[in-house]
Every structure is written in C-alpha cells, then in structure tokens.
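Q: Below you will find the structure I want to go over with you.
The values are calculated or read from the model by the stated rules, or taken from the named source; none is laboratory data. Nothing here was measured: the structure is a model prediction, and the numbers come from that model. Cβ placement follows ideal geometry from the backbone for every residue including glycine, while neighbour counts extend to all protein chains displayed.
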Amino acid sequence: MTTHLKGIGAACLAILVTLYVVGAVSHGSLRHEIQTLPLWFAIVLGFNRKEMARWCALPCLGFWLLCMALIWLFLLGWSHIISGQFSPIEIAMTLMVGAASFAGVAFSIRGLRWSTPGFAIAILFAVIQIACFRISMLPAIAHA
C-alpha cells in the first residue's frame with residue numbers, strides 16, 4: 001500500500017519536472033510553476049505515505065491526462081479544443097506527462113476507499129487545479 005502512495009508522489013513529481021522542462025524550452029517557466037502548484041501537495045503527501053495523497057492527486061492527474069489527450073488529438077488533426085505549435089521536445093514531454101498521469105491514476109485508484117471527506121478533497125483539488133491553470137493563462141503571467 002505504501003508503495004502505491006510513493007508511486008503517486010513519484011508520478012506527480014515526474015509531471016512537475018516534465019512541465020518545468022516544457023516551460024524552459026517554450027514560453028517561460030512561471031506559467032508552468034503556477035499550473036503545477038497543486039501537484040506539490042500530492043508529492044509531499046505521497047512520499048510521506050499519507051492516504052490523503054490519493055484524493056489530492058487524482059483530480060490533478062486526471063486533468064493533466066485530459067490535457068495531454070487533447071493535445072494529441074490536436075496533433076493528429078482530430079480536435080481543436082487545444083491548439084498551438086508544439087516543438088518536438090514539447091511533443092515528447094506530452095508523452096511523458098501522459099504516461100506519468102496514467103501511472104499516477106492507476107496508483108491512486110488502487111486501494112482507494114470512497115469516503116465523503118475524500119471526495120470533498122478531490123473536488124477541492126479539481127477546482128484548485130483548474131483555477132491555477134486559468135490563472136497561468138492571464139496575459140501578465142502567460143507572457144512573463
């Protein structure tokens with residue numbers, strides 16, 4: 001069980017580092033630092049083997065998996081929900097973020113015990129993740 005919790009922390013850390021790499025090669029790291037703030041909770045809780053890591057990580061991991069899927073659909077020409085120009089390094093990073101997100105979701109749902117407080121925390125972290133993403137898109141931050 002504790003291996004799964006450390007796996008959650010490792011998956012979130014992999015996403016965080018990968019997104020920092022994207023920031024370094026593209027439009028600046030501030031945007032990605034803000035986008036990944038919620039992952040820090042799951043990283044710390046996961047490596048400290050706290051069950052709360054599952055509930056904090058699950059919505060964030062799902063969010064990043066969805067974002068990567070939308071980018072892949074755009075790159076394949078099947079969808080334009082997310083669009084832009086992606087360098088080869090950024091495309092490689094989407095694969096890494098997607099793989100880490102998928103692994104993190106698998107670790108999170110293993111042994112998950114449904115509870116009302118846990119579900120409330122998951123909803124809170126979903127809202128926080130979406131808010132951080134939206135804030136990172138503000139012109140003052142996105143172009144910093």
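Q: For region 93-116, enumerate the residues that are out of contact with any helix residue (DSSP H, G or I) (no Cβ under 9 Å at 6 or more places or on another chain) and in a helix (DSSP H, G or I).
A: 116
Q: What are the residue pairs meeting all of these: first residue in region 117-141, first residue surrounded by 12 or more Cβ atoms within 10 Å (Cβ to Cβ) and assigned to a helix (DSSP H, G or I), second residue at pLDDT below 95 and small (Gly, Ala, Ser), Cβ atoms under 9 Å, and 6 or more apart or on different chains?
A: Every condition considered, the pairs that remain are 136/142; 141/28.
Q: Kindly list the number of the only condition in (1) of a type in the set (A, V, I, L, M, F, W, C); (2) modelled with pLDDT under 95; (3) within 25 Å of residue 116 (Cβ to Cβ); (4) surrounded by 15 or more Cβ atoms within 10 Å (Cβ to Cβ) that fails for residue 1.
A: With respect to (1) of a type in the set (A, V, I, L, M, F, W, C); (2) modelled with pLDDT under 95; (3) within 25 Å of residue 116 (Cβ to Cβ); (4) surrounded by 15 or more Cβ atoms within 10 Å (Cβ to Cβ), residue 1 is out only on (4).
Q: Would you pick out the residues in region 108-133 that are of a type outside the set (S, T, N, Q) and under 14 Å from the mean Cα position of the chain (by Cα)?
A: 122, 125, 126, 127, 128, 130, 131, 132, 133
Q: While we're looking at this one, here's another question. Can you pull out every residue in region 7-48 that is modelled with pLDDT of 95 or more and touching a Lys or Arg at 6+ places or on another chain (Cβ under 7 Å)?
A: Hits for region 7-48 are 8, 46, 47.
Q: Consider only pairs whose beta carbons are under 8 Å apart and that are at least six residues apart or on different chains; among these, list those whose first residue lies in region 102-114 and is over 16 Å from residue 47 (Cα atoms) and whose second residue is part of a loop (DSSP other than H, G, I, E, B) and not acidic (Asp, Glu).
A: As it stands, the answer is 111/1, since those pairs meet every condition given.
Q: Continuing with the same structure: Farther than 22 Å from residue 23 by Cβ, in a helix (DSSP H, G or I) and more than 13 Å from the chain's Cα centre (by Cα), is that true of residue 73?
A: Taking the combined requirement at face value, the residue satisfies it.
Q: What are the residues in region 117-144 that are farther than 21 Å from residue 8 by Cα, at pLDDT below 95 and out of contact with any Leu (no Cβ under 7 Å at 6 or more places or on another chain), if any?
A: Of everything in region 117-144, those that are farther than 21 Å from residue 8 by Cα, at pLDDT below 95 and out of contact with any Leu (no Cβ under 7 Å at 6 or more places or on another chain) turn out to be 136, 137, 138, 139, 140, 142, 143.
Q: Filtering region 24-61 down to residues that are of a type in the set (Gly, Ala, Ser) and surrounded by 20 or more Cβ atoms within 10 Å (Cβ to Cβ), which residue is farthest from residue 135 (Cα to Cα)?
A: So the residue we want is 46.
Q: Which of (1) under 21 Å from residue 132 (Cβ atoms); (2) among the aliphatic types (A, V, I, L, M); (3) exposed (fewer than 15 other Cβ atoms within 10 Å of the Cβ) does residue 92 not meet, given it meets every other one?
A: Going through (1) under 21 Å from residue 132 (Cβ atoms); (2) among the aliphatic types (A, V, I, L, M); (3) exposed (fewer than 15 other Cβ atoms within 10 Å of the Cβ) one by one, residue 92 breaks only (1).
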